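The values are calculated or read from the model by the stated rules, or taken from the named source; none is laboratory data. What you are looking at is a predicted structure, and each value in this text was computed from that prediction instead of being measured. Quick reminder, even Gly has a Cβ in these numbers, built from the backbone with ideal geometry, and neighbours come from all protein chains shown. Heads up: the accessible areas ignore ligands, DNA and RNA and are worked out on the full protein's heavy atoms, side chains in. Shrake-Rupley method; radii C 1.70, N 1.55, O 1.52, S 1.80 Å.
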Amino acid sequence: MTAPQPVPQPMEPGCASCTVRHGAGHGTAPRGLFRLGALGGGHHAVVALAGNPNTGKSTLFNTLTGLRQHVGNWAGKTVSRSEGSFRFNGRKYKVVDLPGTYSLLSSSTDEEIARDALVFGRPDVTIVVVDATRLERNLNLTLQVLEITDRVVVALNLIDEARRHGIAVDDRHLARELGVPVVATAAQRGEGITELLDAVERVATGEPATRARRLTYPDPEVDRAVRRLEAQLGRLLPHLPARRWVALRLLEGDPGVERALRDGTLARLATRATSEGSGVVGATGSEVVA
Amino acid sequence: MTLDQLVEHQSAVVVGLDCRGPVRHRLMDLGLLPGTQVEVRMASPLGDPVAYVVRGSTIALRREQASTVRIETVGNGTAGMEPR
């Protein structure tokens, strides 16, 4: 099966001659995948790509959409989110590539963009792209994403590199521990993409429902406080998504979230998240929570 | 002892962080939690910042940040995983 021609994208002058852009898997599309480039229009589900910097998010984005977003190894490369689409098993998906971050706890603009997209954009599925060779370090962000949403698939990416280093990852055990599907991938070579999309499809259609691992706090007092705050937030902002996550940030004294609650940004974003429903990644760069 | 006092190729275990707010978060996000092994990979020509190996990744910290990380030395070794 051959892929339809990717839609040509305007490219910066230097890009055409740059070697890194040829790195992404633009060969034959994996089975069942039709890349739709930047084509807009209706879609069945929105998929967000989250992950630490340098885990191959943009490469996966390119593999899925056929676009040629710049792939490279430097901080802040994906300055904001970029969007594309693909079709898989007859369903059309919009993909949103988020900036690479180590965390979602608002210490930089990148983190704010990624965080607001996950909390208020409410993607149907979030693929957390992790580096199989540095798994331990990547699980921090994974757990933070799982605090926001259950609808997650973990792409255990760079699995070819891990193999070369003699690292074997027990993906089934990891899936059990995290409560969400884990699929080994090598995005650059197209390895595991069909399996990844199968998992995305299952999560998008909600079958079976994923039950993400939630961190619990040893002190029962913390849990009680979280529940109390959650209930108050529910009364104040009935449409606020990821209430538990917001409650935890408030308890922590996150200045950005506190300010957003006080000045009404949170209320505005909460309403927008519902009125636009799924399919729109909420906040833009100009209106971020922190 | 604090992390900024560690010399090249020496490794240590983090015992605590003496900072608060965003700096603390950042260090924790980079994997510096109590029990984590850290090794000095190299220092920049002027000695600041210094590159450390933490959980298989190399990270650079300014002296000021490193001085907030309390450590215990464990002699020479390869940093990476937490002790089992």
Is it the case that B:Val15 is open to solvent by 40 Å² or more (accessible area, probe 1.4 Å), at pLDDT 90 or above and under 11 Å from the mean Cα position of the chain (by Cα)?
-> yes
How many of the residues in the range A:256-282 are exposed (fewer than 13 other Cβ atoms within 10 Å of the Cβ) and either over 15 Å from A:Ala117 (Cα atoms) or at pLDDT 90 or above (or both)?
-> 4
From A:Lys92, A:Lys57, residue being closer than 18 Å to A:Glu161 by Cβ, among the basic types (Lys, Arg) and modelled with pLDDT of 90 or more | A:Lys57
If you scan the range A:138-151, which residues turn out to be among the β-branched types (Val, Ile, Thr), out of contact with any Phe, Trp or Tyr (no Cβ under 7 Å at 6 or more places or on another chain) and either under 10 Å from A:Gly51 (Cα atoms) or outside any loop (DSSP other than H, G, I, E, B) (or both)?
-> A:Thr142, A:Val145
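Which of the residues that make up the range B:49-72 are more than 11 Å from the chain's Cα centre (by Cα) and modelled with pLDDT under 90? It would help to see each step written out before you state the result.
The initial filter retains those residues of the range B:49-72 that are more than 11 Å from the chain's Cα centre (by Cα), namely B:49, B:56-57, B:64.
The answer is B:Gly56, B:Ser57.
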Scan the range A:112-134 and report the pairs whose first residue is small (Gly, Ala, Ser) and whose second residue is in a helix (DSSP H, G or I), with Cβ atoms within less than 8 Å and a gap of 6+ or a chain change.
-> A:Gly121/A:Ala273; A:Ala132/A:Ile159; A:Ala132/A:Glu161; A:Ala132/A:Ala162
Residue pairs meeting the criteria (Cβ under 7 Å; at least 6 apart or on separate chains; first acidic (Asp, Glu) and open to solvent by less than 80 Å² (accessible area, probe 1.4 Å), in the range A:213-234; second in a helix (DSSP H, G or I) and modelled with pLDDT of 85 or more) | A:Glu230/A:Arg243; A:Glu230/A:Arg244; A:Glu230/A:Ala247
Please go through the range A:81-137 and pick out each residue that is touching a Phe, Trp or Tyr at 6+ places or on another chain (Cβ under 7 Å) and either within 14 Å of chain B (Cβ to nearest Cβ) or not small (Gly, Ala, Ser) (or both).
-> A:Phe86, A:Arg87, A:Tyr93, A:Val95, A:Asp97, A:Val119
In the range A:111-137, what residues are under 10 Å from the mean Cα position of the chain (by Cα) and in a helix (DSSP H, G or I)?
-> A:Ala114, A:Arg115, A:Ala117, A:Leu118
Name the single residue, out of those in the range A:150-188 being over 18 Å from A:Pro123 (Cβ atoms) and of a type in the set (Asp, Glu), that is surrounded by the fewest Cβ atoms within 10 Å (Cβ to Cβ).
-> A:Asp170
Name every residue in the range B:37-77 that is touching a Ser or Thr at 6+ places or on another chain (Cβ under 9 Å), in contact (Cβ under 8 Å) with a residue 24 or more places away in the chain and within 14 Å of another protein chain (Cβ to nearest Cβ), in order of residue number.
-> B:Gln37, B:Val38, B:Tyr52, B:Val53, B:Val54, B:Arg55, B:Gly56
Using beta carbons and a limit of 7 Å, which pairs, at least six apart or on different chains, have the first residue in the range B:22-36 and farther than 16 Å from A:Thr101 by Cα and facing chain A (nearest Cβ under 10 Å) and the second one surrounded by fewer than 16 Cβ atoms within 10 Å (Cβ to Cβ) and of a type in the set (D, E, K, R)?
-> B:Thr36/B:Glu82
Filtering the range A:116-136 for residues that are surrounded by 24 or more Cβ atoms within 10 Å (Cβ to Cβ) and among the hydroxyl-bearing types (Ser, Thr, Tyr) leaves a count of 1
